[in-house]
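Everything on this sheet refers to the single structure shown next.
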Amino acid sequence: MTYRVAAVSFLNTIPLIDQLVREPGARVTLDLDLPSRLAGRLATGQVDAGLVPVVEILRGGTGGILCPTGIACNGPVDSVALFANGDPAGLHKVFVDRGSRSSVALLRILLAEMHGVSPVFSETEPKVGRRLAPGEGMLAIGDRCFALIAHLESADPDHLGIHDLGAMWKTLTGLPFVFAAWAASSTLAAGAPAHWKSLAQLLTESRDAGLSRLDELAAREAGLGKLGHKGEATPQAIAYYFRTSLNFVLGDDELAGMRRFQALCRSHDLAPDAPFPNLLS
């Protein structure tokens with residue numbers, strides 16, 4: 001059986017999918033897409049599994065969490081941040097990255113719970129050098145976030161504050177935050193257990209292979225000009241991001257963080273009152 005899987009091409013997915021890219025075989029075909037599109041492709045059966053934003057998993061439409069693998073943090077995540085001109089409690093407008101779903105929902109919750117504000121959210125593409133008026137903020141994720149951080153190190157005329165969403169979540173809840181996880185399609189989950197178990201094993205093996213080569217992957221990505229911790233284009237900065245900022249194994253604490261996020265999404269009308277997703281593994 002050949003499995004169709006989809007993920008995003010951000011730096012934070014490299015340890016999870018590099019083996020699938022380097023050693024393509026008859027058993028798995030990998031497509032790369034925007035995170036906001038992955039849930040739709042999974043719901044319509046175009047792929048058997050996707051590295052899906054966690055808020056989409058909590059909203060239903062998937063067959064459940066396929067294996068204990070995802071993208072999480074337990075404190076500062078470095079690559080998901082609110083850039084604000086002024087105190088977050090005074091924000092009235094936030095420009096958000098159209099490529100993210102989980103981070104947008106998370107930011108809405110954090111601003112409401114920690115600062116008591118519900119600013120207008122406007123979708124846009126974060127751009128280096130964009131000026132923000134007082135009371136405005138901008139959410140950036142992934143490589144764009146690192147690029148903005150690097151730019152502000154050299155030029156910051158508005159004196160923007162950088163608020164790491166992973167750190168904010170940890171302060172609010174004391175728990176890790178899961179941004180994305182491997183989810184199965186409903187069709188795969190409803191089929192023979194041997195089928196989804198086989199794919200879960202392949203994805204876990206790919207993750208473990210990536211984790212065993214973090215320094216090598218960091219050096220390669222730095223050589224391609226990718227940015228890491230503090231927006232620095234060095235192997236050390238990217239290795240720090242892989243090892244310290246991120247966690248790719250979803251354990252009990254990460255699942256507890258997901259459950260807390262689900263409860264807060266419900267209370268802020270960001271997710272339906274649905275059961276916690278099935279844990280197929």
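Residues of the range 75-92 with backbone nitrogen within less than 20 Å of a virtual label 7 Å along the Cα-to-Cβ line of Asp252, please, listed as ranges.
Backbone N within reach: 75.
Would you list Ser245, Ser154, Ser198 from fewest to most Cβ contacts within 10 Å?
With the sparsest Cβ surroundings first, the list reads Ser154, Ser198, Ser245.
How far, in nm, would the chain grow between Thr2 and His115 when pulled straight, counting 0.36 nm per residue and subtracting the alpha carbon separation?
Additional length available on full extension: 35.9 nm.
Suppose R0 equals 22 Å. What FRET efficiency, 1/(1 + (r/R0)^6) with r the Cβ-Cβ distance, do His92 and Leu172 give to the nearest 0.05?
0.55
In the range 80-173, if the dipole is taken from +1 on Lys/Arg beta carbons and -1 on Asp/Glu beta carbons about the Cα centre, which of Gly137, His163, Ala112 is farthest to the positive end?
Of the listed residues, the answer is Ala112.
Quick one, what does Rg over Rh come out to for the range 80-173 if you take C-alpha atoms and the Kirkwood Rh?
My calculation puts Rg/Rh at 0.92.
What nm value, rounded to one decimal, do you get for the distance between Gln236 and Val21 when each label is placed 7 Å out toward the C-beta?
2.5
Tell me, what is the percent relative contact order of the chain, built from C-alpha pairs under 8 Å that lie six or more residues apart?
The value is 30 percent.
Could you pull the Cα extents of the range 1-64 along its three principal axes, largest to smallest, in whole Å?
Extents along the principal axes, in whole Å: 33, 29, 16.
Report which label in (i) 44, 44, 44; (ii) 56, 45, 30; (iii) 61, 38, 28 holds the value of Cα extents along the principal axes in Å derived from the coordinates of this structure.
(ii)
Hey, can you grab everything whose amide H is under 5 Å from the amide H of Val28? Only 5+ residues off in sequence or another chain; H modelled, so Pro and N-termini drop out.
Distant-sequence amide H within range of Val28: Tyr3.
What is the angle, in °, between the Cα long axis of helix 193-211 and the longest principal axis of the Cα atoms in the chain? Nearest 10 is fine, range 0 to 90.
Computed tilt is about 50 degrees.
To make sure I understand the rule: partners must be lysines, Cα under 22 Å from the Cα of Lys226, and not fewer than 8 residues away in the same chain. Which ones qualify?
Lys127
What value, in deg cm²/dmol to 500, does the helix sum -39500 (n - 2.57) over DSSP H runs of n ≥ 4 give at 222 nm once divided by the residues of the chain?
One gets -12000 deg cm²/dmol as the mean residue ellipticity at 222 nm.
Suppose R0 equals 22 Å. What FRET efficiency, 1/(1 + (r/R0)^6) with r the Cβ-Cβ distance, do His151 and Glu123 give to the nearest 0.05?
Numbers: r = 21 Å, r/R0 = 0.96.
The formula returns an efficiency of 0.55 here.
Angle between the Cα long axis of helix 252-267 and the longest principal axis of the chain, 0 to 90 degrees, nearest 10?
Once rounded, one gets 60 degrees.
Read the figures in this text as sums done on the coordinates, not as results from a lab. The structure displayed is predicted, hence computed values, not measured ones. Note that each Cβ is placed from the backbone with ideal geometry, even for glycine, and that neighbours are counted across all protein chains shown.
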